[in-house]
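Working notes for the structure below.
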Amino acid sequence: MNEFVETVVIGAGPIGIETAIELQHRGIETHVYDAGPVGHTISWWAPQTRWFSSNDRIAIAGVPLHTVDQAKASREEYLNYLRGVVDQFHVPITTFRRVVSIRPIDDSANTGSNDSDTGGGLTNGVADGQTKAESALAPRWRLGISRRAAATDHDPPPDYFLDTHAVILAIGGTDFPNRLGVPGEDLPHVDGYLREVHRYHGRNVLIIGGRNSAVEAAIRLHRGGANVTLCYHRDQLPDDGIKYWLRPEIEGLIRSGSVQAFFRSRVTEITEHAVSLETTDDDGKPHRRSVEFDDVLPLIGYRQNTSLFRQLDIVSDLPSGAPLYDAETMQTPRAGIYVAGTAIGGTQSSRYQIFLENCHDHPAKIADHLCRERSSRADSKGATHQSHGDPERANSPRGDQGLRQRIELQPES
Ligand SMILES: Cc1cc2nc3c(=O)[nH]c(=O)nc-3n(C[C@H](O)[C@H](O)[C@H](O)COP(=O)(O)OP(=O)(O)OC[C@H]3O[C@@H](n4cnc5c(N)ncnc54)[C@H](O)[C@@H]3O)c2cc1C
């Protein structure tokens, strides 16, 4: 018999944690699984990277986020904060476990998927003599879990299974760095992540991209003693979408020649020591050059691992590949499968629209829906509501309705 948990949150990012706390608060049993550590996405940011969003917008579960200098939180401060929130609310989390499959246990959960592999026997935690219709907690989904946490395009087979009534996919949207699609991009000195600045000291570094990550990396690596070149495919850095305090600095560095910039330029090939660049000149003609670099950093955004969405057949036909869901309940077309957090945006292009700060209403919507579902099941059985989640607690002070209203009124950071 597989272990049974009433709800499973996949992803211990800020919204996964906030969802788990909301569910616990309403009396709904939950467990969080993450392929990495708590706050995995933030953990791979370069050390001392700061949030763009202000602290009250990235605070979760009503717990204030204070920084020592009142500035926007750094990666380290925020990870510290997340650990504290998890401990304060005793959020049950298993880290370094990747959920690799989600299968319906029977047809009641599956409203159209062709995927009928249930992964084994249908023992499901319902007491002997009790039918599923009588149980408010009837297992509907079987999760396959792998101890191999790394994200790859081909998920590993599950090591064990877990049964659950509802799954909340709070899996974010930044699993893999975007690829350039040129020869040589898998060489060891090509890296889609900025590492600790110290390691680049004295090295020739090519940064590809022109948005926040690339611009911030160019400034930090220049200040850290690297010889930095920026390669961007447009005429100039974009007018919007760059942190307002970075723009004057990078423009000054480019003007003074401290950072070399190739605009209207693309990388066409990377070899062990050199990069082939093609620049479109003012007359429209391509100009090719080969430049030697020690490190090549394509910082051109990240894409979502859509494997679970594809298994569930809930991928929309939007270019982002965002999942299908009901904005009132966050439920997907599969009963008992919800999405939360930035996962709803799929793979966001250079103009991000779904941020942490506009996802704080997802946990309450999901908890409301689960509570309503449990109540209506209880009604159909003639039972009382007491043990079936408490919708009234949705408006508790912990929910911080004030913050949600402020965010709606002022969508900009
Ligand atoms: C440099 C940088 C700066 C940023 N600055 C900001 C900012 O200022 N403001 C802002 O709002 N956003 C910012 N972002 C984006 C920010 O990372 C997200 O807004 C935030 O992390 C979203 O939280 P989330 O809980 O929705 O998802 P995530 O934090 O991405 O969490 C998703 C979690 O799901 C886990 N997971 C995924 N698939 C599985 C699986 N199959 N099994 C188990 N676990 C899984 C991942 O390991 C991860 O921990 C920035 C991103 C970067 C890279």
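Readers should treat all values here as calculations from the given coordinates under stated rules, not as data from a laboratory. Note that the structure is predicted; figures quoted are calculated from it, not measured. Cβ placement follows ideal geometry from the backbone for every residue including glycine, while neighbour counts extend to all protein chains displayed.
Listing for the model above:
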{"item": "Volume per residue that the Cα convex hull of the range 179-298 spans, once the total is divided by residue count, Å³", "result": "104"}
{"item": "Gain in span if fully extended, A327 to H90, counting 0.36 nm per residue against the direct Cα distance", "result": "82.4 nm"}
{"item": "Residue order, fewest to most beta carbons within 10 Å, for K72, K243, K285", "result": "K285, K243, K72"}
{"item": "Listed residues L246, I208, P286: farthest to the positive end of the dipole of the range 179-298 (Cβ charges)", "result": "L246"}
{"item": "Beta bridges by DSSP in the range 179-298, antiparallel share as percent, to the nearest 5", "result": "50"}
{"item": "Cα centroid separation, the range 25-50 to the range 73-108 (Å)", "result": "5"}
{"item": "Length released on extending from S43 to D379, taking residue separation times 0.36 nm less the Cα-Cα span", "result": "116.5 nm"}
{"item": "Label point distance in nm, E196-R83, each placed 7 Å from Cα along Cα→Cβ", "result": "1.6"}
{"item": "For the range 26-72, projected area of the alpha-carbon convex hull averaged over all directions, nm²", "result": "4.8"}
{"item": "Difference of contour (0.36 nm per residue) and Cα-Cα distance, D294 to E269", "result": "7.5 nm"}
{"item": "Ranked packing of 5-12, 182-189, most packed first, by mean Cβ within 10 Å", "result": "5-12, 182-189"}
